[in-house]
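The values are calculated or read from the model by the stated rules, or taken from the named source; none is laboratory data. These numbers come from a predicted model, not from an experiment. The protein model used for the area step is the full one, side chains on, heavy atoms only, and it has no ligands, DNA or RNA in it. Shrake-Rupley method; radii C 1.70, N 1.55, O 1.52, S 1.80 Å.
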Amino acid sequence: MLEYVYATPVASAIFVITLLTSLLAFSNPQVYEELILAPYRVYRKEKLYTLFTSGLIHKDWQHLFFNMLSYYFFAFNLERIIGHWQFAVLYLVSLALSDLPTVMRHREDFWYRTLGASGAISAVVFSFIMFDPMTKMMILPLPIPIPAILFGVLYLVYCVYAGRQQADTINHDAHFYGALNGVIITIILYPDVVPYFLGKLGLR
């Protein structure tokens, strides 16, 4: 475990902080309310920091487990590939940008609240896919491993569907916008990743 911490200090710090903050918010309604994103307020330039802090809390254990499991599979490997400050930029920028469409969509809804690290984690997943789209992943309940790029497509299809059916505080739309941010930021940081990605797919 110490090897992970030394090799990937940014991903490790985000992992631990998100876990601890989520656990604290589960048992402390005041912390939960202070950190959650309310588009009505953010649109009016109040509590702008919640664009970031809402990514440190989760709705329940299942939400936290799914996000942190996805983060664990991709984040540590990605930081090794792109570097420490690059990973920090990718994660933090995507965390905020992926929430902006939701802010605009619900800017007049006083009671709407949303939370979760979904946007930033989607950015991490799709950034990693740009570097290794054909790596095999075992996703339950599928009986066989599938390429990471196929996982990404299925992930987005689910997110779009869940976003349309949304009846909870989980920001499903952030998955899609986070994925888009992840690809764009990765290309900005490493323009050569595009031909590399196409080569991995056998298209170049």
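Below, the figures for the structure above:
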{"item": "Cα principal axis extents for the range 83-123, largest first, Å", "result": "40, 15, 12"}
{"item": "Vicinal HN-Hα couplings computed from phi for the range 64-74 (Karplus, 6.51 cos²θ - 1.76 cosθ + 1.60; Hz; Gly/Pro x)", "result": "5, 4, 4, 5, 6, 5, 4, 4, 4, 5, 10"}
{"item": "Residue-normalised accessible area of the range 1-70, expressed per residue, 1.4 Å probe, Å²", "result": "57"}
{"item": "Relative contact order, percent, the chain [alpha-carbon distance under 8 Å, six or more residues apart]", "result": "23"}
{"item": "Longest to shortest principal axis, alpha-carbon extents of the chain, angstrom", "result": "50, 38, 36"}
{"item": "Solvent accessible area, Å² - THR102, 1.4 Å probe, full protein context", "result": "0"}
{"item": "Accessible area of MET104 in the full protein assembly, 1.4 Å probe (Å², nearest 10)", "result": "90"}
{"item": "Accessible-area composition of the chain, carbon plus sulfur, in percent [1.4 Å probe]", "result": "69"}
{"item": "Counting all C-alpha pairs of the range 23-102, share separated by more than 18 Å (%)", "result": "51"}
{"item": "Distant-in-sequence amide H partners of LEU37 (H built 1.01 Å from N, under 5 Å)", "result": "THR114"}
